[in-house]
Each structure stands twice: as C-alpha cells, then as structure tokens.
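Inspection log for the structure reproduced underneath, given as structure tokens.
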C-alpha cells in the first residue's frame, strides 16, 4: 500500500510516519499493492485529528477521529476502518483482494480576502454504478449524501442521501 502523510499547519515527524505505516500494515491482507492511503494530521482546538482515506479498486474507505493524542486518534481511526470493512464484508468480497476475508482525496483550500470563508474541494473517481453501490460507498465514507453516475439510467448524474428517518433517498434529474 502506498501511504501519503500530510500535515495541516504542522510538520509530521518521522516517528509519526513510521507509526502510521505500522498501523496501516494490517490492511495489507485486505488490499493489493496498488491501494493508496492518505493520512492527514491536524490540530483543532485542543484535540489532535487524524483523517485516513484508503482508495482501492474504485472504493473509498474513510475515517476521521479526534483524540487528545495522535496515537489515540490513529488507533480509533484504524478500528473504525476495520469495522467498515467487516460490516460490508459480503458486498466487498468481489472487489477486494482474493482471500481477503480468510479483509483523494486531494484537498485544495482556496483562500480569498480576510473576511471570506474557506472552500474545501475534493476530487474523487466518478464512475457509473447502481444506486445500491452508491449507498454502500456513502456509508463507507460516513457521509449523508453521495453523487454518482447511475448505471441503471443512462449514466445520469444522481444523488443518494440518508433521510432523517433512516431510509435512503435518490435524487434524479428530469
């Protein structure tokens, strides 16, 4: 797995990079060598935050955790990713590495004037998929909505979202 470590408003030390590589090595049994992991270190108030995004075969796994120390946040993020993978085990078996279960984002921040707000831009692979797979991707990412090309409807751009009552919705253009 190729690991990219990013520090937002900070410098990430070699010991932290080694700790990340050691912790993410447990995912080698689920993914092949072409998997990519992006690990972002950041501070927010008095908490330390780690965001991990792993991309493999067009599937994105993501976890973001806050804790008093980076070590605790990393442990929680790795556990969260492992739970996601195990929870969706049957759906993912076909897409992950054979015998896996015997299991970015690139961020650009554009700043304008002092009084302006920050816009966080994310890019992701945009491929045709059925709504069920889009719901799975949305749940893996931990988001409330997901934009995708609907393979069941001439690759039209659609949005699936989680409703307040726990059900899912699908927005389609006319």
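Some observations on this one:
- Fewest-first ordering of 119, 3 by other beta carbons within 10 Å of each residue's beta carbon gives 119, 3.
- Based on alpha carbons, the Rg and Dmax found for segment 2-92 are 12.9, 39 Å.
- Order of 143, 9 under a 10 Å beta carbon neighbour criterion, fewest first: 9, 143
- Cβ-derived FRET efficiency at R0 22 Å, residue 64 paired with residue 9, nearest 0.05: 0.85
- Ellipsoid semi-axes for segment 127-174, based on the Cα gyration tensor and the rule √(5λ), read 18, 12, 8 Å when sorted largest first.
Quick note: the coordinates plus some simple rules give every number you see, no bench work behind them. From a predicted model like this one, the values you see are computed outputs, not experimental measurements. Don't worry about glycine lacking a Cβ; one is built from the backbone with ideal geometry, like all the others, and counts go over all protein chains shown.
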